[in-house]
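The values are calculated or read from the model by the stated rules, or taken from the named source; none is laboratory data. Treat the numbers as computed from the prediction; the structure is a model and nothing was measured. Cβ atoms come from the backbone with ideal geometry, glycine included; neighbour counts cover every protein chain shown.
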Amino acid sequence: MEYGGLSIALSDLPRWGGESDIVGSYRARPSDFVVEEVLGYSPSGEGPHHWVWVEKIGVSTDDVAKQLAEAWSVSRKDVGYAGKKDTQAIARQWFSVPESAQPMPGPITEQIQVLEVSANPRKLKIGQLAGNRFQLRVILSASDGLADRLTRIQTEGVPNYFGDQRFGRSGHNLAAARRLAARDPEGRRRLHPKDGMAASAARSALFNRIVAARVASRRWLDVAAGDTLMLAGRNSHFQAKPDELEELLGRVLSTELNPTAPMWGRRSLTGETQATEEARVADLDSQLSTWLAGVFPVEERRAARVVPTELEWVLEGTTLVLSFGLPRGSYATAVLHELGTIVEAHARPSA
């Protein structure tokens, strides 16, 4: 998986804390990786849609939606959820089903259990969540500097890289984007819905490379006039004014604000200097960046840094138990990468 001849695989991207002597593995079994969805609100208790709080073990979110539809005799397209959760994990998340379903707490299969049933006026849709809470078990084979590294992650955060799963198994989503770009170099054709994952993968690949360039040059948290900054935990952003730089840098260092990088599009939403630097990286793979600029009239901005919330850790012999929260769209594997060389025990090939 490459962009402009440079790897965008998480394991190859630079760490803000520099090289780490920490080595370990995770996810030897689903119970080593627990993720719980945080909507940021609760179903109202009234309305025509049933909302069900589900625990799934070792099964994908899409498979759960299919099983719920079959169990309650509704159409698969009428089953809603806010976001996909890891397959090889214990995951708890909300699903919604229409009024015609008659859900009850209890098991659906050995791997799927309904824990709670409520009601809400509307169907649950993708993106309607605040974030996720994780509890991970990491088996360490080397742990020199562990406390210092975790403290730095807690106070300074980590590069908000996309995880490898964003690019599909063996990077097939990114490969699909390259095929689309080869057929339509200027991105003039309307993007078919089935190609959305490919376009997202291409944007994410470029985002990883731009953030990696900032980290490698030690400018990850710098603020210059015209740079676009984002309020932590929110999507609202603004450009830095020259007379506010000292104040804004202080707010970045206190984690109130984050620097941003683009999800690529034709029109930039940042100042000239930052846009020029980002275009330089984009031009490393002009086929993809030109296609993306045609497909997306305007770029989006994404935080280049994420700070795990309520980060806690316990070391039990050689087992590190980590718990923390992340906003939607951020990856627990990015936190593990900043910690050290932490590999998945049953990793699928990514390149």
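In summary, HIS337 fulfils each of the numbered conditions (1) outside any helix (DSSP H, G or I); (2) within 15 Å of the chain's Cα centre (by Cα) with the single exception of condition (1).
In this structure, is LEU326 under 17 Å from the mean Cα position of the chain (by Cα) and either of a type in the set (Ser, Thr, Tyr) or part of a strand (DSSP E or B) (or both)? Yes, satisfied. Being out of contact with any Ser or Thr (no Cβ under 9 Å at 6 or more places or on another chain), among the hydrophobic types (A, V, I, L, M, F, W, C) and more than 12 Å from TYR161 (Cα to Cα) is the filter here; which residues of the range 180-212 pass it? Passing the criteria: LEU180, ALA182, LEU191, MET197, ALA198, ALA199, ALA201.
Remark: pairs (first residue in the range 227-246, of a type in the set (Val, Ile, Thr); second residue part of a loop (DSSP other than H, G, I, E, B); Cβ separation under 8 Å; 6+ apart in sequence or on different chains) = THR228/ALA240; THR228/LEU269; THR228/THR270; THR228/GLY271.
For VAL59, the requirement of being within 30 Å of PRO159 (Cα to Cα) and of a type outside the set (Gly, Ala, Ser) is met. Only one of the numbered conditions (1) surrounded by fewer than 17 Cβ atoms within 10 Å (Cβ to Cβ); (2) under 23 Å from the mean Cα position of the chain (by Cα) is violated by SER100, and that is (2).
The residues of the range 13-57 that are closer than 30 Å to ASP283 by Cα, at pLDDT 95 or above and either among the charged types (D, E, K, R) or in a strand (DSSP E or B) (or both) amount to a single one, ARG15. Looking at VAL138, is it of a type in the set (Val, Ile, Thr), surrounded by 15 or more Cβ atoms within 10 Å (Cβ to Cβ), outside the structural domain of GLY163 (by TED's automatic domain parsing) and touching a helix residue (DSSP H, G or I) at 6+ places or on another chain (Cβ under 8 Å)? In short, yes. Checked against the criterion of being part of a helix (DSSP H, G or I), of a type in the set (A, V, I, L, M) and in contact with a strand residue (DSSP E or B) (Cβ under 8 Å, 6 or more places away or on another chain), the range 192-208 contains one or more residues that satisfy it.
In the set VAL215, VAL252, VAL223, only one residue is farther than 26 Å from ALA130 by Cα, in a helix (DSSP H, G or I) and either without any contact (Cβ under 8 Å) to a residue 60 or more places away in the chain or in contact with a strand residue (DSSP E or B) (Cβ under 8 Å, 6 or more places away or on another chain) (or both); that residue is VAL215. Taking LYS84, is it under 19 Å from PHE33 (Cβ atoms), assigned to a strand (DSSP E or B) and touching a residue at least 24 places away in the same chain (Cβ under 8 Å)? So LYS84 fails the test.
Restricting attention to the range 226-249 and to residues that are polar (S, T, N, Q) and part of a strand (DSSP E or B), the residue that is farthest from TRP16 (Cα to Cα) turns out to be GLN239.
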